[in-house]
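What follows is a set of notes on a single structure, which appears directly below.
The values are calculated or read from the model by the stated rules, or taken from the named source; none is laboratory data. Source: prediction; values computed, not measured. All Cβ positions, even for glycine, are placed from backbone atoms using ideal geometry, and neighbour counts span all protein chains on display. Accessible surface is based on the protein model in full, side chains and every heavy atom, while ligands, DNA and RNA are left aside. Shrake-Rupley method; radii C 1.70, N 1.55, O 1.52, S 1.80 Å.
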Amino acid sequence: MVAVERSKIKELRLDRAAPVTLTDQICQHVEAAILEGALTAGARLPSWRDLAAQLGVARGTVKAAYEKLIDRGLLTTAASPGTRVSDPLPFKGAPTVAETECLRPPDFQHRSEHALVFQMGVPADDAFPATLWARLHRQAVHVTALRTGYSDPRGLAELRSALAAHVAIARGIECSPEQIIVTSGYRAGLAMTLRSIDATGKQAWVEDPGYPVTRLALELSGVHPVAVPVDGDGLDVQQGLELAPNAALAIVTPGQQAPSGAAMSERRRSELIQWAHVASSWIVEDDYLAELHLSGRPANALASGGGSDRVIHLGTFRKTIAPMVGIGFVVAPLPLARRLIDVATWLGAPPSVASQLALAEFLREGHYLRHLRRMRRLYAQRRQSLLTVLTSLGVNNAVPAGLSVLLPLPNGFDDEGVAIEARHLDLGPAPLSLWYANASRSHAGLLLGIANVLERSIHHDCKRLLAIIRAPLTGKGSFNTALRSPE
Ligand SMILES: Cc1ncc(COP(=O)(O)O)c(C=O)c1O
């Protein structure tokens, strides 16, 4: 006979202050125990009376929880006394934690719900306009209750109009709302683009160093990334021509190269546009940060100038407002717009209507431009504080790199290992080596995102990070004077 599985239920702690009812907490706990394999098919559960006494709740509370789980087929009272886990279960047993271990993204790619200190590619958590956004979102949710049908697969007309007006002012792009497709962010826009230009099996120039996720996206789409070196002027078009003259597309970050932060020079821009025209290739402009330049005027978008009919412009609000907003957009050049819209219709995945309406209002009321102005000031201050603190701690080789600070490390240094160790301390630097296509350690370094660097804790956070970096350097003499602790 199967023993009553009291021990599995013993760890159940109820939180009486939680917004979840006690019945639902019991349900969730029993369900989790079944899914994790702690309660197996056929296992007998304690009686309502016993469990209620153990938890100090009314019997009816436990009974209601068991009944909910019986309705869902997870528990049964049929054919034997007492309540048991259904045998067979209505689903195949879940794989064990060990079996799924390899499915977790590597630590450095982990995206936590709250930004980590030094994490790249996330805006300042503490500067998100939470009250305003909550109000706009609440209003939008009310409106959606009256609009329950399918919405336009290109995104809501209100948002596309607001976006067309915004890119005209902020990025110099003249386009009609009909050319705009709302997406869930850069990556979704890139996926649509690759599909719409039939890129599978072809070559694509990517920046080297460049955003690792872009390379991954290409590989997963059956497109061959060709790493083209980047210098202070941006992607080296001549080298691209030598490496892959027949590439079907080039993916670039001309506003602020990722990760160096440099804007693409005028000469390179015109070489790139000329190449795209002559070769009938496409340029994908990843404009992820262009509005957040920290000095001088922002470089114009590639999609704003002559020859822009070969440029597919991808924007995102995940970096400038918050990842949670989950909205980006594509500005489709006219020759490709029809095809892109067909792909968007087929994928059928525009973001939630409420989020689109809230963002449309945020743009229309001028909040977005104000927010960007505030963020530029804040990030400039945070970058300066970080550089000052690093210098005071004996680091004399750190350099600004867009919304990050690059801390070069000696050749051969295990920057990925440092990043993984730092995560255990809730610090999120990114290893530079992984931004190179040939992720050897000849380009070791750490990219320290500045957005979540706080004045009150920056000194302590830098010291903790430097302790990890310096541990393997200790005792290696002049291995890297730049990173030696000040005496
Ligand atoms: C260069 C670059 N492009 C695009 C993105 C991603 O944008 P999204 O989150 O909208 O997919 C990132 C994110 O860090 C990035 O670094």
Members of segment 327-356 that are surrounded by 18 or more Cβ atoms within 10 Å (Cβ to Cβ) and within 19 Å of Val141 (Cα to Cα): Ile327, Pro350, Pro351, Val353, Ala354, Ser355, Gln356
From Gly155, Gly121, residue being modelled with pLDDT of 95 or more and within 16 Å of the ligand (Cβ to nearest atom): Gly155
Residue check, Thr316 buried (at least 24 other Cβ atoms within 10 Å of the Cβ), within 16 Å of the ligand (Cβ to nearest atom), under 30 Å from Asp126 (Cβ atoms) and of a type in the set (Val, Ile, Thr): yes
From the options Ser260, Ser295, residue that is over 22 Å from Ala168 (Cβ atoms), within 12 Å of the ligand (Cβ to nearest atom), open to solvent by 50 Å² or more (accessible area, probe 1.4 Å) and part of a loop (DSSP other than H, G, I, E, B): Ser260
The one condition in (1) out of contact with any Gly (no Cβ under 8 Å at 6 or more places or on another chain); (2) within 16 Å of the ligand (Cβ to nearest atom); (3) within 23 Å of Met120 (Cβ to Cβ) that Leu347 fails to fulfil: (3)
Any chance Ala124 is under 25 Å from the mean Cα position of the chain (by Cα), within 19 Å of Glu291 (Cβ to Cβ) and not assigned by TED's automatic domain parsing to the domain that holds Leu302: yes
Selection within segment 156-212 - of a type in the set (Val, Ile, Thr) and open to solvent by less than 30 Å² (accessible area, probe 1.4 Å): Val167, Ile173, Ile180, Ile181, Val182, Thr183, Thr193, Ile197, Val206
Whichever residue in segment 399-433 is among the small types (Gly, Ala, Ser) and touching a residue at least 40 places away in the same chain (Cβ under 8 Å) and, among such residues, is nearest to Leu465 (Cα to Cα): Ala422
Search result, residues across segment 236-252 that are open to solvent by 10 Å² or more (accessible area, probe 1.4 Å) and assigned to a loop (DSSP other than H, G, I, E, B): Asp236, Pro245, Asn246, Ala248
Per-region count, segment 45-73, residues in a helix (DSSP H, G or I) and under 26 Å from Pro90 (Cα atoms): 14
Leading residue by the ranking (nearest to the ligand (Cβ to nearest atom)) among those in segment 162-179 that are of a type in the set (Gly, Ala, Ser) and over 16 Å from Ala360 (Cβ atoms): Gly172
For Val228: the one exception among (1) in contact (Cβ under 8 Å) with a residue 40 or more places away in the chain; (2) under 17 Å from Ala437 (Cα atoms): (1)
Which numbered condition Leu249 fails, given (1) touching a strand residue (DSSP E or B) at 6+ places or on another chain (Cβ under 8 Å); (2) within 12 Å of the ligand (Cβ to nearest atom); (3) within 19 Å of Gly328 (Cβ to Cβ): (2)
Qualifying residue in segment 24-37 (condition: at pLDDT below 90, assigned to a loop (DSSP other than H, G, I, E, B) and either crowded, with 19+ Cβ neighbours inside 10 Å or among the aromatic types (Phe, Trp, Tyr) (or both)): no
Residue that is nearest to the chain's Cα centre (by Cα), among those in segment 49-71 that are surrounded by 14 or more Cβ atoms within 10 Å (Cβ to Cβ) and more than 15 Å from Leu12 (Cβ to Cβ): Lys68
Selection status of Leu89, more than 16 Å from the ligand (Cβ to nearest atom) and over 27 Å from Ala290 (Cα atoms): yes
